Amino acid sequence: MMILKHTVMSFLLLACFNGLASDRVEKQAAIASAHALATSAGFAILAQGGNAFDAAVAMSATLAVVEPSGSGLGGGGFWLLHRASDGFETMLDGREKAPLAAHRSMYLDQQGRVIPGLSKNGALAAGIPGLPAALVHLAEKYGRLPLAQSLQFAIQCAEQGFVIGQRHSKLLKFRLTVLQKHPEAAGIFLKDKHLPATTSILRQTDLAHTLKQLARDGRKGFYAGAVADRLVDGVRNAGGIWTHQDLHDYRVVEREPVKGEYHQVKITSAALPSSGGVVLVEALNILAGYPLEDINAISRKHIISEAMRRAYHDRAFHLGDSDFVNVPVNRLINKDYAAGLSSSIRLDKATPSDFLAGNFQAKIQGEDTTHFSIIDSEGNRVAATLSINFPFGSGFVPAGTGVLLNNEMDDFVSKPGAMNGYGLVGGEANAIEPGKRMLSSMTPTFIEDAERVAVLGTPGGSRIISMVLLAVLEFAKGHGPESWVWEPRFHHQYIPDQIQYEKGGMSRDEIAGLTMLGHQLKEVRYRYGNMQAVLWNKKSKLFTVASDPRGEGLALIR
Ligand code: GLY
């Protein structure tokens with residue numbers, strides 16, 4: 001039976017401690033991440049006297065080395081933090097920014113058509129990275145250990161190498177042609193321009209050197225000096241538009257998380273420029289009016305899909321970087337606003353998406369990005385979702401840096417208000433502007449009720465939010481992390497007007513019933529997401545953890 005292998009290991013560990021006194025148990029910590037080496041890095045730092053925030057630095061840097069398909073120094077992310085000593089909560093926004101020379105027609109030809117691939121592949125696709133600055137900020141402001149100590153594990157992984165494994169190989173294959181076009185990236189990730197064996201060891205000496213500069217000099221080790229020179233020269237020589245000013249100006253921003261409540265469950269989630277928290281809370285507010293536990297599976301999936309449709313519709317229309325555009329966040333997460341949306345849902349019929357005002361489209365993405373969750377022995381929490389956008393980002397590495405750059409510029413709308421060559425259309429709020437952050441779907445989240453507190457998140461592009469939504473509904477039913485990561489997933493994002501569901505994830509009766517209600521259904525050929533979740537039961541004083549069976553992660557209690 002395909003069981004949650006890592007969860008089982010954690011349950012076994014947990015079982016070992018069950019008989020111990022509760023204060024012994026309280027000294028434990030719980031970590032779930034997409035890679036065993038990142039989970040090990042987190043525990044190693046905790047063992048050295050670090051807190052969850054130091055562990056987050058170590059894990060972010062280690063994931064940058066051992067899961068280069070998902071995140072890295074050339075990318076960005078969001079770190080949702082809870083400090084146990086005073087209950088303070090914040091979201092560290094290390095999202096990439098558009099270069100100062102960026103402009104809204106930079107991916108269009110002279111006829112105003114989107115040039116295929118330009119915002120996805122190569123140097124012009126890369127936003128200014130935020131991850132290195134975020135690691136420095138996290139270590140200096142919230143950590144207990146020196147940055148250099150927290151980066152040591154990642155440096156060793158880069159120097160000594162690691163076995164790449166099946167997931168890495170699968171994603172390399174997906175981006176093979178792009179990597180082949182960029183000699184520096186091909187030299188690092190490919191073997192004679194071809195796919196390396198799954199058992200190959202990947203050593204990244206340039207990346208180790210760049211990490212050492214960051215460890216020694218802090219943000220200047222990346223955003224100034226020799227590394228910055230190489231980054232800017234490499235990007236510009238390959239047709240990109242970065243300048244030293246872009247790197248010099250990059251700043252991490254602390255933002256107030258989005259908060260909501262679903263029945264008695266408190267939600268704390270990502271703020272703009274991620275759409276995650278707003279869409280999640282808006283959808284939950286709509287759903288709060290329905291007795292979801294007392295109705296049949298078809299009606300339940302119908303109502304959840306209708307809530308997703310309406311919340312993603314608002315995403316497409318209203319959401320963007322709130323430092324640049326006015327976003328009516330308070331209205332969108334208001335319960336009375338949700339009641340209005342809810343009144344437009346018919347129980348006997350799907351609402352066609354083009355009956356909702358306007359006609360924009362959000363995009364679907366796949367197996368990019370990464371997530372990890374931590375609760376340390378003091379109760380500090382970190383939910384971090386990090387990304388370089390597509391698997392292996394832009395496929396471009398500036399010579400001598402080892403830094404694989406993101407293609408996060410593709411998260412902007414290349415052509416506001418009209419469908420582009422890829423069918424991707426969005427709102428003015430997310431149009432390209434110099435120095436602006438592109439809209440994200442990353443949804444690092446805390447959920448809490450009287451008895452339990454959980455930290456969770458997942459990669460998966462625009463489906464991230466619906467995955468977290470389904471997990472919150474499972475939590476509200478009283479189920480634990482193993483059910484959140486295991487449950488078959490379904491998704492509606494307004495346009496395309498269809499319910500997507502994971503291979504094998506809907507029964508024949510559900511498909512027939514939802515079709516009768518007027519829904520289009522589409523089976524996604526693969527199982528998506530890679531959720532990492534940890535839960536602390538305040539009453540029993542026990543942790544439960546789970547790593548998604550779709551990935552190769554490791555969740556542990558120690
Ligand atoms: N690049 C994925 C996201 O931010 O949503």
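Some values worked out for this structure:
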read-out: From the options L439, L469, residue that is touching a Pro at 6+ places or on another chain (Cβ under 7 Å), under 17 Å from S269 (Cα atoms) and surrounded by 18 or more Cβ atoms within 10 Å (Cβ to Cβ); value: L439
read-out: Selection count where residues are over 20 Å from A238 (Cβ atoms) and either in contact with a helix residue (DSSP H, G or I) (Cβ under 8 Å, 6 or more places away or on another chain) or within 16 Å of the ligand (Cβ to nearest atom) (or both), scope region 91-138; value: 13
read-out: Test result for E367, at negative phi, modelled with pLDDT under 90, out of contact with any Lys or Arg (no Cβ under 9 Å at 6 or more places or on another chain) and acidic (D, E); value: no
read-out: Contacts under 6 angstrom Cβ, first residue in region 249-266 being at positive phi, partner open to solvent by 30 Å² or more (accessible area, probe 1.4 Å), 6 or more apart; value: H263/A476
read-out: From the options E451, E502, residue that is away from the ligand (no atom under 16 Å from the Cβ), open to solvent by less than 10 Å² (accessible area, probe 1.4 Å) and of a type outside the set (K, R); value: E502
read-out: Within region 224-242, tally of residues that are of a type outside the set (D, E, K, R) and either in contact with a Pro (Cβ under 7 Å, 6 or more places away or on another chain) or at positive phi (or both); value: 7
read-out: Condition broken by P459, with the remaining ones in (1) under 19 Å from S322 (Cα atoms); (2) within 16 Å of the ligand (Cβ to nearest atom); (3) not hydroxyl-bearing (S, T, Y) satisfied; value: (1)
read-out: Residue check, V468 assigned to a helix (DSSP H, G or I), in contact with a Leu (Cβ under 7 Å, 6 or more places away or on another chain) and within 16 Å of the ligand (Cβ to nearest atom); value: yes
read-out: Exclusive hit being modelled with pLDDT of 95 or more and within 16 Å of the ligand (Cβ to nearest atom), set N380, N407; value: N407
read-out: All positions within region 430-448 that are within 16 Å of the ligand (Cβ to nearest atom) and over 30 Å from K415 (Cα atoms); value: T445
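The values are calculated or read from the model by the stated rules, or taken from the named source; none is laboratory data. Here the structure is a predicted model, which means the values were calculated and not measured. Because the Cβ atoms are built from the backbone with ideal geometry, glycine has one as well, and the counts that use them run over all protein chains shown. Note: areas computed on protein heavy atoms with side chains; ligands, DNA, RNA excluded. Shrake-Rupley method; radii C 1.70, N 1.55, O 1.52, S 1.80 Å.
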